[in-house]
Amino acid sequence: LQRDAKGQYLFDLLCHHLNLLEKDYFGIRFVDPDKQRHWLEFTKSVVKQMRAQPPFTMCFRVKFYPTDPAALKEEITRYLVFLQIKRDLYHGRLLCKTSDAALLAAYILQAEIGDYDPGKHPEGYSSKFQFFPKHSEKLERKIAEIHKSELSGQTPATSELNFLRKAQTLETYGVDPHPCKDVSGNAAFLAFTPFGFVVLQGNKRVHFIKWNEVTKMKFEGKTFYLYVSQKEEKKIVLTYFAPTPEACKHLWKCGIENQAFYKLEKSSQVRTVSSSNLFFKGSRFRYSGRVAKEVMESSAKIKREPPEIHRAGLVPSRSCPSITHGPRLSSVPRTRRRAVHISIMEGLESLRDSAHSTPVRSASHGDAFAGPGRSGRAESSERVAVIADESYSPADSVLPTPVAEHSLELMLLSRQANGAPCSIEEEKESEAGTPAADAEGELRALCPGASGLGPAQAQQVNKFVLSVLRLLLVTVGLLFVLLLLLIVLTESDLDTAFFRDIRQTPEFEQFHYQYFCPLRRWFACKLRAVVNLLIDT
């Protein structure tokens, strides 16, 4: 990349490589040395957004989940969204009952290996695939049963389409969770979906607010405020606390972008938003892309021969067990169309974060809960089990895309292969592959007294110093403007008692004759000289 290359250039380059036209749903995500996730801003330089040294590690992700993924125009777009939602299911973001989980996994199996073949798929073949954080042998048998009896003859494209239609009906479809705490100190996950703002707490969805009810979002430090206007002019302010100021700012920017994308009718309605009411404090941000309605209208105009999709089998991730074991067994013939080569490292792996998560459960529709795990807990035939644990806790919302060293990857893989889950600290270490930037040195240069502070504290001190300097500059500028305005008014022909009294003071007469009149004659002389020069030429 050139040093001044914008994020839009890199994104367009990637979409051209994938032969992707419906690209507005996607984005590029990266993680800074402090483990904070960010979306790459397309209007800014790529290099300036990175706090690490090259090479930069970024991930191609679904940023705005389609309101109706089945309505996407091209198969390549549906396939990429399918990969993202399959990843959400594996990492515990997508809550579902056991019956729904079995159906979704069967669709994945049909898309991955094709029709059931007794010669190629021995007893227990579904156990070699890991679709969820945890699943029982009973669930594996249910997945195989659906795959054998109900999905025979479906092509990968049809299975993926059915998978998307089913996933869209789930409450947590499109959830990208942000860990926070409420005013009582209870842990919660905030998320923005195609339909509105969601708060997940414990194992329940405690708030769902439609986009047309959200009037304002702002943040101050670690505190995030959501202003809601509901029926009968009832106004509510929801307050949550993020782990760090950077996480709170990321949450705020995600909210601004999602609201603009899903709520507005056209991109010309997008406005710059400030995080504070004070003109000298806070962040300003503006969503720079198209909105959902414009994207759908643009997709309807696409007219080209559908590109062929080479669906490669997934390989072992860098810090998690493989989703599939062995090569993909395809039973579907391919026609010779223009190929879209999504390579193992550049395509599929770029669509998967490899942070682990604990299984989750849903409180929707009054379902009963059970922890399925492989320990073989007895289940009553009347009781409906769910893919569940004690609370909603997707680790990927806390642990962003890891960039691990090879030796550490092998250690994590060996531990997980033996059934030992990685600890939170180990997974955090596995993410720290990008070297630290020189931000701390810049902070010390601005704030010499903060050299003994940590990076986060030094950054807060630096922001405070910059806010004070900004306030002083604004104050001096206002005083200067007011002084010039007063001089102009007193030297004018405006005849009021106030200005008449000022003009009669000795100080004003001295200023008028010793400074103002000579300065006015000098400007007049220079102006005449310039006019004469222009006339002569």
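The values are calculated or read from the model by the stated rules, or taken from the named source; none is laboratory data. Here the structure is a predicted model, which is why all the values come from computation and not from measurement. Cβ: placed from backbone, ideal geometry, glycine included. Neighbour counts: every protein chain shown. Keep in mind that these areas ignore ligands, DNA and RNA; they rest on the heavy atoms of the full protein, side chains included. Shrake-Rupley method; radii C 1.70, N 1.55, O 1.52, S 1.80 Å.
Structure notes:
- Only one of the listed residues (227, 262) is hydroxyl-bearing (Ser, Thr, Tyr) and farther than 27 Å from residue 30 by Cα. That residue is 227.
- Residue 96 in contact with a Ser or Thr (Cβ under 9 Å, 6 or more places away or on another chain) and closer than 20 Å to residue 173 by Cβ: yes
- Candidate set from segment 219-245 (those that are of a type outside the set (A, V, I, L, M, F, W, C) and over 20 Å from residue 187 (Cα atoms)); member that is modelled with the highest pLDDT: 227
- Matching option when the condition is under 25 Å from residue 176 (Cβ atoms), at pLDDT 90 or above, touching a Gly at 6+ places or on another chain (Cβ under 7 Å) and buried (at least 20 other Cβ atoms within 10 Å of the Cβ), among 79, 107, 65: 65
- Being closer than 29 Å to residue 296 by Cα and out of contact with any helix residue (DSSP H, G or I) (no Cβ under 7 Å at 6 or more places or on another chain) holds for only one residue in 65, 79, and it is 65.
- Residue 265 satisfies every condition listed in (1) under 29 Å from residue 187 (Cα atoms); (2) over 15 Å from the mean Cα position of the chain (by Cα) except (1).
- Criterion applied to 239, 169, 215, 158 was being of a type in the set (Ser, Thr, Tyr), closer than 30 Å to residue 51 by Cα and open to solvent by 10 Å² or more (accessible area, probe 1.4 Å), and the one residue passing it is 239.
- Criterion violated by residue 275 - all others in (1) in contact with a strand residue (DSSP E or B) (Cβ under 9 Å, 6 or more places away or on another chain); (2) open to solvent by 30 Å² or more (accessible area, probe 1.4 Å); (3) of a type in the set (Gly, Ala, Ser) satisfied: (2)
- All positions within segment 18-70 that are assigned to a strand (DSSP E or B), of a type in the set (Val, Ile, Thr) and either in contact with a Pro (Cβ under 9 Å, 6 or more places away or on another chain) or within 23 Å of residue 3 (Cα to Cα) (or both): 28, 31
- For segment 246-268, the count of residues that are more than 24 Å from residue 288 (Cβ to Cβ) and either open to solvent by 10 Å² or more (accessible area, probe 1.4 Å) or modelled with pLDDT of 95 or more (or both) is zero.
- Selected residue (only one of 21, 40, 89 is at negative phi and open to solvent by 10 Å² or more (accessible area, probe 1.4 Å)): 21
- Subset of segment 111-151 (residues that are among the polar types (S, T, N, Q) and more than 17 Å from residue 90 (Cα to Cα)): 149
- Strands (runs of 3 or more DSSP E) wholly inside segment 124-223 that include at least 1 residues being closer than 30 Å to residue 287 by Cβ, touching a Phe, Trp or Tyr at 6+ places or on another chain (Cβ under 6 Å) and β-branched (Val, Ile, Thr): 196-201, 204-210, 214-220
- Of note, residue 134 does not satisfy the criterion of being closer than 26 Å to residue 195 by Cα, open to solvent by 10 Å² or more (accessible area, probe 1.4 Å) and in contact with a Gly (Cβ under 7 Å, 6 or more places away or on another chain).
- Selected residue (criterion: nearest to residue 170 (Cα to Cα)) from residues of segment 193-251 that are of a type in the set (Asp, Glu) and over 18 Å from the mean Cα position of the chain (by Cα): 213
- Search result, residues across segment 476-497 that are in contact with a Phe, Trp or Tyr (Cβ under 9 Å, 6 or more places away or on another chain) and in a helix (DSSP H, G or I): 487, 489, 490, 491
- Screening 100, 115 for residues that are in the same structural domain as residue 15 (by the TED database), farther than 30 Å from residue 294 by Cβ, at pLDDT 90 or above and not in a helix (DSSP H, G or I) leaves exactly one candidate, 115.
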